[in-house]
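Report on one structure; see the data block that follows.
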Amino acid sequence: KADDGYRLWLKYDLLKDEQLRKTYASTISSIVYEGEKSPVIQSATEELQLGLKGLLGKEISLKHTNTTNLGSIILKKDNTEKLTNDEGYHIYRQGKNIIVSAKTDNGILYGSFALLRNIQTGQSLAKTDITSSPKIQYRMLNHWDNPNGTIERGYAGASLWKWFELPERLDPRYKDYARANASIGINCTVVNNVNASARFLTTEYLPKVQALANVFRPYGIRVFMSVNFAAPKILGGLSTSDPLDPKVRQWWIDKTKEIYAAIPDFGGFLVKANSEGEPGPQDYGRNHADGANMLAEALAPFQGTVIWRAFVYKADANGDRFKAAYEEFKPLDGQFKSNAIVQVKNGPIDFQPREPFSPLFGAMPKTPLVMEFQITQEYLGFSTNLVYLAPLFKECLDADTYANGAGSTVSKIVDGSINHYQKTAIAGVANTGSDRNWTGHFMSQANWYAFGRLAWDYTLSSELIADEWIKMTLTKDAVPVKIITNLLTGSRENYVNFTTPLGLHHLMGQGLHFGPHPWLEKSARPDWTATYYHRADANGIGFDRTKSGSNALAQYSPEVQKQWENPETCPLPYLLWFHHVAWNKKLSSGRILWDELCYRYYSGAESVQKMQNDWKSVKTSIDPEIFEDVSGRLLAQQREAIWWRDACVLYFQEFSKLPIPAPYQKPE
Ligand code: GCW
C-alpha cells in the first residue's frame with residue numbers, strides 16, 4: 001500500500017536489513033515495567049510494543065516486575081539516576097537487558113521513544129549508553145486555530161480540533177498528534193489562536209478543551225489556552241477589562257479556578273495584547289506588566305504560567321518597526337511576576353526568511369524570555385515550497401548576544417543558563433492541519449520534527465536531525481539519505497536567494513503574504529508595505545538602521561553592533577537589513593550590489609531546478625505516492641521562484657537602471 005504520509009516519522013515498517021533485524025530481535029524478547037502502570041507508562045509500553053512488532057516483525061510480550069528476564073527492555077523508575085532534570089532519561093545495557101531509566105514516568109516515555117528512534121535509524125544496541133535531558137522546560141506548539149475550524153496562516157487544511165464533535169467524539173487523530181509530539185519531546189500545546197476568541201473560556205468550549213487535555217495527558221502534554229484580554233467585558237458583562245480593577249481581577253481568578261477544576265494540570269495562558277488591534281492593558285492606560293501580572297496572580301495558586309507576547313508595533317511611517325518590541329518591553333524588565341514570562345519572536349520584524357535575532361534577547365536579564373519560532377511557512381512559501389527550517393532556527397539560537405560577554409548565545413538566554421531562570425520555554429507556531437499528511441507539504445513534516453528535536457537539545461545539528469528524520473520517514477538507503485540531507489539543509493538559503501537576498505525583507509504580497517509584491521507602497525498601515533522596508537531609490541537599496549538612519553542597531557550590545565554597523569564588513573546576508581547601499585557599490589564578493597542581487601535571484605531560482613534533479617535521483621528509494629507529491633510541489637516551487645525572481649529584479653531595475661548581467665539574459 002502506498003504511503004500517504006499519515007504516520008509521520010513514527011513508521012514502524014519491517015526493517016529491510018535482515019541481519020540488523022535479527023540482531024535486534026535476538027536482543028529483545030520482552031518489555032518489563034515496574035510498579036504501577038500509570039497512563040504515561042501505558043503509553044510507553046504500548047508504543048514500544050507497536051513499534052517493535054512492526055520493525056522486527058515479532059510480537060514482544062509485556063511483563064511486570066519479578067519475572068526473571070533475559071533480553072528485556074526494562075522500564076525502570078530510578079531516583080538515583082544522575083540526570084539534569086526530571087524529564088531526562090538514561091538508556092544502557094545491563095547484561096542481556098536494555099534498561100530505560102528515568103526519574104519520572106515522562107522520562108521513561110521519552111526514553112522509550114529514543115530507543116525506538118535508535119532502532120528505526122539502525123543504531124547498534126550492543127553498547128548503548130545514552131543520557132539525555134531537555135535543555136528547556138516548556139517545549140510548546142502554538143496553534144493559531146480558531147473556533148470555527150479555520151487556522152490563521154495554516155496551509156495544511158482545517159484545524160485538527162473538531163470543535164463541533166467535541167467533547168463527545170474523540171477523533172483518533174488526537175492521540176496520534178500526542179504520540180508524534182511526545183516522540184520529539186514536545187510537552188505543551190496552546191490549542192487556540194493568539195488572536196483569541198473569548199469563546200474558548202465559555203462553558204461551551206471549556207469541556208472541549210478538557211477533552212483534548214485528557215487525550216494528551218498520557219503523553220506528557222499539558223494544555224494552555226490563548227485568552228482574549230477583554231474577556232471580562234465580553235463574557236463577564238463587566239464595564240471594563242482594566243487589569244487594576246478589583247472586579248476584573250476577581251473575574252480572572254474565578255475563571256482560572258473553573259479551568260483548573262476541569263483541567264487540573266492546565267499550563268496557563270498565552271496572551272497577545274495591544275498588538276495588531278487586539279485588546280490589552282494599554283486600553284486602560286496600564287502597561288504589559290500590569291496585564292501579565294493580573295493573570296499571573298490568578299494562575300499562581302495552581303502553579304500556572306502566563307506567557308505574554310512581545311509582538312508589538314505601531315503605525316508610524318517615519319519610525320522603525322524593528323525597534324518597537326524592545327522599546328515597549330525593555331523598560332519593564334524586572335516588573336513581571338515570577339510566573340509571568342515574555343514570548344519574543346526570533347527576529348525583530350516578523351518571521352521573515354532571514355532576520356537578525358531580536359535585540360530583546362539578552363536585553364531583559366530579569367525576565368525569562370520564551371523563543372517563538374514559526375513552523376508554519378507564512379513567509380516561507382506556504383505548502384508549495386520545500387524549505388527545511390532547522391538552519392533558520394539554529395542561526396538564531398546560535399547567535400551571540402554578548403549580553404554577558406562572548407558566548408552569551410540566544411539559546412543560553414532562552415534556556416536560562418545565563419540568568420538562572422526558574423521557568424524556561426520555547427514555542428513553535430504549528431504547521432499541522434487536517435491534511436492526511438498533517439503538514440500540507442510532505443517535507444514540512446521535517447520542520448515539526450526539527451522544532452521538537454531542537455527544543456529538546458539545541459546543540460543538535462541541522463544535518464543530524466535531517467538524517468534521523470529521513471531514515472525514519474523516507475528511506476535508509478545510504479546515498480539517497482545523503483542526497484536528501486543536502487537537499488534539505490540547502491533549501492532555506494535557496495529560498496532566501498530567490499525571495500529576499502542580501503538582507504531584504506517584507507517584500508511579500510499584501511494580506512495573504514503570498515508571492516512577491518515589492519512595489520506595494522499603500523496599505524492600511526505604512527509598516528505593512530514593501531517600499532517601507534526596501535527603500536529602493538535612484539541611489540541604492542536597503543534600510544539604514546545605523547546612526548545615520550533609525551539607529552535600531554543601538555539596541556544590540558556593542559560587539560554585535562560592531563559586527564553589523566560597517567557596510568564594508570557587514571556579512572552579506574544581513575547587509576540590507578542595516579544599510580542603504582549604492583547600486584554600484586563593490587561588495588566583498590567582488591560584484592557590485594546590483595550584480596550581486598541579480599546573481600542571488602537567478603542562482604536561487606536555478607537551485608530549484610537542482611532540487612528537482614536531486615529529488616528525481618532518489619526516486620527508486622522513495623514511496624511512489626510521496627515521491628509524486630513532492631515532485632509536484634517542487635514544480636510549483638519552480639514556478640513561484642521564477643515569479644519572485646522576475647518580479648523583484650524587474651521592479652528594482654526601475655531604480656538601478658542597470659542591465660541584468662549577461663549570463664542571466666538568456667531566454668527561458
Ligand atoms: O505574522 C503575523 C501574522 C498574523 C499573526 C501575527 C502574530 C496571529 O501575519 O496572522 O497573528 O503575526 O504573530 O500575532
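Computed from the coordinates by the stated procedures, all read-outs in this text should not be read as laboratory data. Treat the numbers as computed from the prediction; the structure is a model and nothing was measured. Note that each Cβ is placed from the backbone with ideal geometry, even for glycine, and that neighbours are counted across all protein chains shown.
Quick notes on this one:
- Rg and Dmax over the alpha-carbon atoms of the stretch 496-664 stand at 18.1, 57 Å.
- Charge sum, other residues only, whose C-beta stays under 9 Å from E468's C-beta, Lys/Arg counted +1 and Asp/Glu -1: +2
- Over all other residues within a Cβ to Cβ distance under 10 Å of P147, the charged ones net out to 0, with Lys and Arg as +1 and Asp and Glu as -1.
- Reachable aspartates and glutamates, given that their alpha-carbon falls under 15 Å from the alpha-carbon of K135 and they are not under 8 places away in the same chain: D86, E87, D398, D415, D457
- Number of Lys pairs (Cα under 23 Å; 8 or more positions apart or on different chains) in the stretch 357-472: 6
- Inter-label distance for S588 and D398, nm, one decimal - labels placed 7 Å from Cα along Cα-to-Cβ: 1.6
- Residue order, fewest to most surrounding Cβ atoms within 10 angstrom, among L52, L62: L62, L52
- The spacing between the stretch 166-197 and the stretch 550-581, judged by their C-alpha centroids, is 41 Å.
- Residue-span extension gain [R525 to E204] - 0.36 nm each, minus C-alpha spacing: 112.0 nm
- Mean Cβ neighbour count within 10 Å, used as a protection proxy, ranking 17-28, 221-232, 389-400, 115-126 highest first: 221-232, 389-400, 115-126, 17-28
- Cβ-Cβ FRET estimate between R93 and S548, R0 fixed at 45 Å, reported to 0.05: 0.10
- Approximating the spin labels as points 7 Å out from Cα along Cα→Cβ, the K257-to-D457 distance works out to 4.5 nm.
- Qualifying lysines (Cα of each under 27 Å from Cα of K233; at least 8 residues distant if same chain): K208, K247, K255, K257, K272, K314, K337
- For the stretch 302-357: rounded, prolate or oblate by the Cα gyration tensor [a/c cutoff 1.5]: prolate
- Here D614, D544 are placed in order of increasing Cβ neighbour count within 10 Å, fewest first, which gives D614, D544.
- Taking the Cα centre of the stretch 496-664 as origin and assigning +1 to Lys and Arg Cβ atoms and -1 to Asp and Glu Cβ atoms, the resulting dipole is close to 360 debye.
- Environment charge of E297, counting only residues whose C-beta is closer than 10 Å and scoring Lys/Arg +1, Asp/Glu -1: +2
- Length gained when the stretch Q123-K162 is fully extended (0.36 nm per residue, less Cα-Cα span): 10.1 nm
- The order of R321, R286, going from fewest to most other C-beta atoms within 10 Å of their C-beta, is R286, R321.
- For the chain, Kirkwood radius (reciprocal of mean inverse C-alpha pair distance, Å): 26.2
- Cα-only Debye scattering, the stretch 18-132: base-10 log of I(q)/I(0) at q = 0.16 Å⁻¹: -0.65
- Residues T131 and S26, FRET efficiency given R0 of 22 Å [Cβ-Cβ distance, rounded to 0.05]: 0.30
- Anchor K162: aspartates and glutamates whose Cα lies under 20 Å away (excluding residues fewer than 8 positions away in-chain): D145, E152, D171, D176, E204, D435
- Given +1 at the Cβ of Lys and Arg, -1 at the Cβ of Asp and Glu and no other charges, the dipole of the chain around its Cα centre is 940 debye to the nearest 20.
- The stretch between K330 and T65 holds 89.9 nm of extra length on full extension. This uses 0.36 nm per residue minus the Cα-Cα distance.
- Label-reachable residues, the stretch 549-581, where backbone N falls under 20 Å from a point 7 Å from A406's Cα toward its Cβ: 556-566, 569-571
- When peptides 404-412, 502-510 are ranked by their average number of other Cβ atoms within 10 Å per residue, the highest-first order is 502-510, 404-412.
- Total lysine pairs under 25 Å (Cα atoms) in the stretch 496-664, excluding pairs fewer than 8 apart on one chain: 9
- Cβ-Cβ FRET estimate between L235 and A315, R0 fixed at 35 Å, reported to 0.05: 0.75
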